[in-house]
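Worksheet: the structure to be examined is printed underneath.
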Amino acid sequence: MIKMKTIKKIGCLFLLVATISLSAQESTLLRYNFKKGDKYLLEMSLKQDMASMMNMDLGFKMMMESNGKVGDNYKIIYSFERMVMKMIAAGNEVNFDSDEKEENMGEEEKKMKAEMAPFFEMLMHQTINKYGKVIGMKIEPDVKGANQFFSQSQLMSMEYPKEQVKVGSEWSHSQSISGMEMKGTYIVKKITKDKVFADFLGNMSSTIEGKITGTAEVSRSSGMILDMTLDMNISTGGMDMTMNVHMKAEKVK
């Protein structure tokens, strides 16, 4: 005769297995969904190692704000908040922080502050659709080098598939950045109540050849990329280097 405690244990075990099974099969649509006035503080870092030639750590903060919708497309405004850079090249070292007072800077840092000053006065207007595809971009006022910078920052973006995704789902991703072709695949690893977690495997081609691996965390409610990391092993002109790029986004209340 089966005891009541045993029946209860079997029932709990069945419920647990069923819950795990349902969780594994859960699917969701990845879509951008912003309200006008939504703000996110973006923190990005880039670490570049070119062996004995150059090492660079670059970090910056940007504010992203939703400026409403036109049809199914979102209007987004970006502005610079801060830039920090440490670079060692040919035996010379530069340590720059845009928040540092000029009287505390060396000559190289003062030159960089002057060069970067226009970036902190400009706004980048971007139009994206609900899948994350960039429809248009405009920078005001026009600053030399800004287009290239924002183009490269698109490394930390992704276009979502039209169909629902679940654990194990894959979709391809490709983009051209400053003449460099990047292609790869996102693979969904986990879905929770609030987030979708995915891995990325890809490569770069053109004058630069390289392999890319990465991870991403996406908000299910807003479609915002909350955390993303890309690790790149690159070869160009007979020279090898590694690059790590990381971005995190936090909603400003």
Total residues in region 111-145, condition part of a loop (DSSP other than H, G, I, E, B) and basic (Lys, Arg):
3
Tell me whether region 157-169 contains one or more residues that are under 30 Å from Met87 (Cα atoms) and either free of Cβ contacts under 8 Å to residues at least 60 places away in the same chain or not acidic (Asp, Glu) (or both).
yes
Residue hits (region 232-247; within 24 Å of Met64 (Cβ to Cβ) and either over 19 Å from the mean Cα position of the chain (by Cα) or modelled with pLDDT of 90 or more (or both)) are Asn244, Val245, His246, Met247
Would you check which residues across region 94-149 are buried (at least 16 other Cβ atoms within 10 Å of the Cβ), touching a residue at least 60 places away in the same chain (Cβ under 8 Å) and of a type in the set (A, V, I, L, M, F, W, C) and list them?
Ile128
On the basis of being in a strand (DSSP E or B), closer than 28 Å to Met56 by Cα and out of contact with any Ser or Thr (no Cβ under 7 Å at 6 or more places or on another chain), does Asp227 make the cut?
yes
Can you pull out every residue in region 62-80 that is surrounded by fewer than 16 Cβ atoms within 10 Å (Cβ to Cβ) and either within 17 Å of the chain's Cα centre (by Cα) or hydrophobic (A, V, I, L, M, F, W, C) (or both)?
Met63, Val70, Ile77, Ser79
Taking Ser178 and the conditions (1) modelled with pLDDT under 85; (2) out of contact with any helix residue (DSSP H, G or I) (no Cβ under 7 Å at 6 or more places or on another chain), which numbered condition does it fall short on, given that it satisfies the others?
(2)
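The values are calculated or read from the model by the stated rules, or taken from the named source; none is laboratory data. Everything numeric in this text was worked out from a predicted model, so none of it was measured. Here the Cβ is made from the backbone with ideal geometry for all residues, glycine too, and neighbour counts use every protein chain on show.
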